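Take a look at the structure below.
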Amino acid sequence: MTDIASHRGGALLWPENSSIAFENTAKLPVEQVEFDVHPTRDGKLVVIHDDTLDRTTDGKGPVATRDWAELSKVVLKGTGGQRMLLLDEVIEIFRPTPIVLRIEIKCGPDRTPYPGHAARVAEALGQARMLDRCVVTSFQLSTVLEAVAEARPGKHVWLVTPNVQIDIGLTNVIATAKAANIPMLGLRQNMLDAEIVATVRAAGLGIGGWACNDSDAIAKLLALQVDVFTTDRPDLAIAQRRGH
Ligand code: MG
């Protein structure tokens, strides 16, 4: 069966990465919930997608240059006054459920990795005794490598953009993942077909898809029988999987 990951807690249904989104996702028959983690200036871990506050909150400017005391006063757009959540708070929403946390380790402005960020996330997951309930993902290879080094054996995913897939080539992407003990790739849904899925699987790697946000993309990935895909419409994905 193909697992469904509610992307940012179902970003087309509820305000992304919010308590509303996560509490609703926790009631769904999905296998995973995806969300994004940035560090604060004072060493806390917060759940927000962008490296700046502007798009999804009433605040402005970078996330990682603020202390939690300041960030906790910022309101998430569309939530009726809710603040962003700490990683530990999202963990507690899902702890009573069977849902796996699919945690994307984010980078700073200009795609610069935050030093030690993947290690701090791994430490927090270990302290919460959630390492075996988590999949850690990143678009940055260096970040995936750091995560792999911190928590082995672990479930790590290298998210591959179309540009990387084209520029490096799938063969080299696979070889790099294999050499680095990265067990799974995540490719954009429009960059997947049966041959690519078979090639990745033949190399002994898992294969996931991302950006499956409409019924055509969802149908395609269900037909390809990928291991997992992320979707902003978990409701659609659940309905289509039932009928598949
Ligand atoms: Mg993400």
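The values are calculated or read from the model by the stated rules, or taken from the named source; none is laboratory data. Model, not experiment: these values are computed from the prediction. Cβ atoms come from the backbone with ideal geometry, glycine included; neighbour counts cover every protein chain shown. Just the protein is used for accessible areas: all its heavy atoms, side chains included, with ligands, DNA and RNA removed. Shrake-Rupley method; radii C 1.70, N 1.55, O 1.52, S 1.80 Å.
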key: Single residue of segment 31-77 satisfying the filter (among the hydroxyl-bearing types (Ser, Thr, Tyr) and touching a strand residue (DSSP E or B) at 6+ places or on another chain (Cβ under 7 Å)) that is nearest to Ala119 (Cα to Cα)   = Thr40
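Counting only residues that are among the charged types (D, E, K, R) and open to solvent by less than 40 Å² (accessible area, probe 1.4 Å), which one in segment 9-46 is farthest from the ligand (Cβ to nearest atom)?
Step one: filter segment 9-46 for residues among the charged types (D, E, K, R), giving 16, 23, 27, 31, 34, 36, 41-42, 44.
Retained after the next criterion (residues that are open to solvent by less than 40 Å² (accessible area, probe 1.4 Å)): 16, 34, 36.
Values: Glu16: 9, Glu34: 6, Asp36: 4 Å.
My answer is Glu16.
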query = Can you tell me which residues in segment 150-176 are open to solvent by 20 Å² or more (accessible area, probe 1.4 Å), of a type in the set (A, V, I, L, M, F, W, C) and out of contact with any helix residue (DSSP H, G or I) (no Cβ under 8 Å at 6 or more places or on another chain)?
reply = Ile166, Ala175
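Inside segment 41-153, counting only strands (runs of 3 or more DSSP E) that do not spill past its ends, which hold 2 or more residues that are out of contact with any Lys or Arg (no Cβ under 8 Å at 6 or more places or on another chain)? Give the derivation first.
Numbers: elements: 45-47, 100-105, 134-138.
Once the strands (runs of 3 or more DSSP E) in segment 41-153 are filtered for at least 2 residues that are out of contact with any Lys or Arg (no Cβ under 8 Å at 6 or more places or on another chain), what remains is 45-47, 100-105.
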message = Pull out all pairs, ordered by first then second residue, where Cβ-Cβ is under 8 Å, the residues are six or more apart or on different chains, the first lies in segment 91-105 and is open to solvent by 30 Å² or more (accessible area, probe 1.4 Å), and the second is hydroxyl-bearing (Ser, Thr, Tyr) and more than 16 Å from the ligand (Cβ to nearest atom).
response = Ile93/Ser19
request  = Tell me which residues, restricted to segment 69-88, are away from the ligand (no atom under 16 Å from the Cβ) and either in contact with a helix residue (DSSP H, G or I) (Cβ under 8 Å, 6 or more places away or on another chain) or within 26 Å of Leu145 (Cα to Cα) (or both).
outcome  = Thr79, Gln82, Arg83, Leu86, Asp88
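Which one of Val160, Val144, Val136, Val121 is within 24 Å of His7 (Cβ to Cβ), within 16 Å of the ligand (Cβ to nearest atom) and touching a residue at least 60 places away in the same chain (Cβ under 8 Å)?
Values: Val160 fails: touching a residue at least 60 places away in the same chain (Cβ under 8 Å); Val144 fails: touching a residue at least 60 places away in the same chain (Cβ under 8 Å); Val136 fails: touching a residue at least 60 places away in the same chain (Cβ under 8 Å).
It is Val121.
Identify, please: which residue in segment 124-138 is open to solvent by less than 30 Å² (accessible area, probe 1.4 Å) and small (Gly, Ala, Ser) and is, among those, nearest to Ile93 (Cα to Cα)?
Taking segment 124-138 as the starting set, the residues that turn out to be open to solvent by less than 30 Å² (accessible area, probe 1.4 Å) are 124-125, 128, 130, 134-138.
If we keep only those that are small (Gly, Ala, Ser) too, we end up with 124, 128, 138.
Numbers: Ala124: 15, Ala128: 13, Ser138: 23 Å.
In this case the residue turns out to be Ala128.
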ask   = What are the residues in segment 99-112 that are out of contact with any Asp or Glu (no Cβ under 8 Å at 6 or more places or on another chain) and more than 15 Å from the ligand (Cβ to nearest atom), if any?
value = Asp110, Thr112
ask   = Would you say Ile4 is modelled with pLDDT of 95 or more and away from the ligand (no atom under 16 Å from the Cβ)?
value = no
